[in-house]
Every structure is written in structure tokens, then in C-alpha cells.
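Visitor: Here's a structure for you.
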Amino acid sequence: MSGLTISGVTKKFGHVTAVEDVNLAFKDGEMVCFLGPSGCGKTTLLRMIAGLEEPTSGSITMGGRDMTRVPVHQREIGMVFQSFALFPHLTVGENITYSMRIRGHSRSEREDRARELLDMMHLPEMADRRISQLSGGQRQRVAIARALALNPQVFLLDEPMSALDANLREAMQIELRKLQQELGITTVVVTHDQTEAMTMADTIVVMGKARVLQSGSPMDIYKKPVDRFVADFIGTSNLLPARMTGDATAEVNGTALGIGTNAHGFAKGDEVVLMTRPEEVFVRPASAERPANAVTGRVTFVRDIGATIEILCDCDGHEVISVLTPKDWPEVEIGQDVHIEMPKDACSVLAP
Ligand code: ATP
């Protein structure tokens with residue numbers, strides 16, 4: 001049975017449609033990231049799952065039960081807000097077990113649970129501290145512990161990393177993912193950070209302008225984005241204007257190229273965008289033999305960052321990036337004419 005389903009959900013605020021006809025189904029224990037630019041409706045969708053907003057139309061089920069009109073306190077959800085929203089006048093332990101107190105759990109039960117959660121969050125001995133005495137990372141752990149206190153069925157987090165500095169953010173992404181896997185709890189995270197989504201998610205839901213544009217595993221979305229917007233949003237992509245010349249061939253700037261994926265749905269003569277990922281593109285000096293499936297260009301910048309080398313090329317007014325490991329270094333320099341090899345299987349086409 002599906003852990004969480006969202007069926008035909010639309011949310012309007014007056015004339016603004018924040019979420020439009022969203023249909024999604026997630027398995028029990030799945031880690032999902034809603035990813036998209038500011039204002040695309042991610043938070044509104046999350047708040048409807050939480051019960052903090054009511055859909056204008058459509059339904060939401062959890063564990064097979066219709067939750068659409070069930071009030072927030074009757075849903076078994078735990079939520080972490082962007083600001084963490086901890087109570088400053090309560091201790092760490094009191095914050096964590098606040099919901100247990102409301103539901104009448106005894107003091108000893110609450111203390112045991114607080115201890116257990118603080119151990120799990122690597123914050124032992126902190127139960128009596130004030131929130132003001134904690135670092136940003138510690139506050140986040142307390143907010144997570146508080147959300148998990150009642151063993152929720154679904155765990156929701158709205159931009160949980162945004163208040164943390166970059167180093168801590170990366171470490172917490174891994175830690176949160178490990179915790180989620182350990183607990184096996186269906187989890188939805190809202191983020192606008194693609195690396196965060198790629199690090200943590202089983203399923204990424206890419207949103208744009210109130211709608212779901214694509215949903216799938218991180219690798220699926222990276223390898224087969226449905227359109228330019230998604231391709232640009234997930235990872236770095238090289239996009240070149242092209243025209244289809246056959247079922248699986250296209251012409252870029254007068255050069256014929258074979259297309260490995262995504263070519264279906266386009267017909268000969270269609271204007272398209274040829275997409276490649278930088279790590280699948282290779283650069284060779286123009287003096288070397290021309291590789292198969294290559295266009296020509298000129299090197300505009302070389303960036304050596306140790307583990308990888310980035311070569312930026314100009315290809316008839318469009319930038320193409322090649323990211324190589326040092327062992328594939330083609331010994332090219334800025335201003336040099338080059339072959340830019342884009343192997344057939346690395347080439348896909350998208351609507352312009
Ligand atoms: P961000 O990353 O900036 O938080 P988001 O993708 O989470 O953006 P939402 O906060 O869900 O986007 O907002 C989606 C749209 O709905 C926006 O146009 C926003 O202005 C509008 N909106 C959200 N909440 C309300 C509200 N309570 N009243 C009116 N409009 C709202």
C-alpha cells in the first residue's frame with residue numbers, strides 16, 4: 001500500500017494558483033524531495049500534506065486513509081520548519097517532548113523519550129539546556145528530535161538546511177538521510193538546492209509554476225530530464241540548438257551527430273536542443289584526428305580544481321563545458337581550436 005498519495009490536488013489563494021493538479025504516489029519509507037525555484041508551490045504542497053492548508057480540490061491519503069480534511073493534530077506527522085520554530089522559554093528536553101505533554105504522557109515517559117532522541121541525534125546530556133545556548137546545527141537536531149517524538153507516520157521538513165552554513169549543511173544532509181533510512185519513515189523534504197535533493201532523495205519531484213514537471217529517481221532525472229528547465233535545474237548541462245535530420249540524428253552547426261536517448265517524439269526537421277552532461281564530453285586538440293560525434297569549438301577557459309579539470313569551450317556562440325579527470329587531460333590551452341566529442345549515448349534532445 002502506498003505510504004502517501006496526492007491525487008489531483010490544487011490549491012488556490014484568491015487568484016493565485018499555488019499548486020495545480022498534482023498527482024503523486026510514494027511508497028512507505030520513501031525519501032522524497034520537492035525541488036524547484038522560489039514560488040513554485042513546494043511549501044504549499046508540503047503544508048497540505050501536513051494539514052496546515054486545505055486543498056481547494058483533490059485528496060491526500062496516508063497509509064491508505066483519506067487525510068484531506070483531517071485536522072493537523074489528528075494526522076500522524078512530524079514537521080521541521082525552516083526556522084526550526086523551537087520554544088525559547090522551554091528547555092531542550094521540554095521542546096522535544098512538548099507534543100507528548102499535550103497528549104498527557106507522564107513525566108518519566110517524556111524524560112525517557114527525550115533521552116532516547118537526544119542520543120539518536122548525538123546530543124546526549126543536553127536535555128536541560130536552553131535553546132539560546134545551542135548552535136544552529138544543534139537547534140536543527142532538536143527540531144528533528146521534536147518532530148519525531150510521537151513516532152509519526154510521515155516526516156515533513158521545509159528547507160531544513162537553509163539556516164546552516166555550507167559545511168554543516170552537507171554533513172547534515174548525509175546524517176538526515178542515514179537517520180531516515182534507519183527509521184524507515186516516509187519523509188518529504190522541500191528544497192531549492194539540487195545537490196541536497198540528489199544527496200538525500202529516493203525520489204525527486206521537480207516543480208515549476210505550481211505544477212510537477214518530472215518525478216523520478218535522482219539518476220533518472222539527471223539522465224533523462226523531460227525538458228530544458230529540468231535539465232538546467234538538475235546538474236550542469238550543455239545545451240546546443242540543433243535540428244533533427246532523422247530518427248536518431250541531428251545537425252548542430254552543420255555537423256551531423258548521432259543521438260542516443262530521448263530522440264523519440266521528434267521528427268526530421270524539428271528544431272531541438274541537444275543536451276550533454278559535462279562529464280560525458282571530451283575535448284581534443286583540432287590537430288588530432290577528429291573523433292566520431294564531435295563538433296568544433298575553441299577553448300575559452302580552463303579551471304583545474306585538483307580532482308577534476310573543467311574546460312570551457314565556445315561552440316558557435318554557445319558554451320560547452322567538459323569536466324575531465326586529470327588522467328584524461330588533453331593538454332589544451334585557452335584560445336586553442338578543439339574537437340568537442342559528444343559520444344552518441346551521451347547526447348539527448350529536448351524541446352527548445
Ligand atoms: P519558496 O521556496 O520561496 O518558499 P515555494 O516553492 O515554497 O517558494 P510557495 O510558498 O508554496 O512556493 O508559494 C507558491 C505561490 O503561492 C506563490 O506565488 C506564493 O506567493 C503563493 N502563496 C503561498 N501562500 C500564500 C498565502 N497564504 N496567500 C496567498 N498566496 C500565497
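None of the figures in this text is laboratory data; all of them are computed from the coordinates on show. Quick caveat: nothing in here was measured; it's all calculated off a predicted structure. As a convention, Cβ positions derive from the backbone with ideal geometry for all residues, glycine included, and neighbour counts pool all protein chains shown.
Visitor: Every residue in region 92-105 that is touching a residue at least 40 places away in the same chain (Cβ under 8 Å) and surrounded by 12 or more Cβ atoms within 10 Å (Cβ to Cβ), please.
Guide: VAL92, ASN95, ILE96, THR97, TYR98, SER99, MET100
Visitor: Right, something else. Would you tally the residues in region 289-322 being over 15 Å from THR255 (Cβ atoms) and touching a residue at least 60 places away in the same chain (Cβ under 8 Å)?
Guide: 2
Visitor: Could you list, in sequence order, the residues of region 5-52 that are buried (at least 17 other Cβ atoms within 10 Å of the Cβ), within 7 Å of the ligand (Cβ to nearest atom) and of a type in the set (Ser, Thr, Tyr)?
Guide: THR43, THR44
Visitor: Let me ask you something else. Collect the residues in region 231-242 that are surrounded by fewer than 17 Cβ atoms within 10 Å (Cβ to Cβ) and outside any loop (DSSP other than H, G, I, E, B), keeping them in residue-number order.
Guide: ASP232, PRO241
Visitor: Surrounded by fewer than 19 Cβ atoms within 10 Å (Cβ to Cβ), touching a helix residue (DSSP H, G or I) at 6+ places or on another chain (Cβ under 8 Å) and closer than 16 Å to PRO160 by Cβ: which single residue out of GLY78, GLY136 fits that description?
Guide: Only one candidate passes the filter, namely GLY136.
Visitor: Taking the residues in region 53-63 that are surrounded by fewer than 17 Cβ atoms within 10 Å (Cβ to Cβ) and of a type in the set (S, T, N, Q) as candidates, determine which candidate is farthest from the ligand (Cβ to nearest atom). Let's see the steps before the verdict.
Guide: To start, the set of residues in region 53-63 that are surrounded by fewer than 17 Cβ atoms within 10 Å (Cβ to Cβ) comprises 54, 56-57, 59, 63.
Next cut, of a type in the set (S, T, N, Q) only: 56-57, 59.
Working: THR56: 12, SER57: 16, SER59: 19 Å.
In this case the residue turns out to be SER59.
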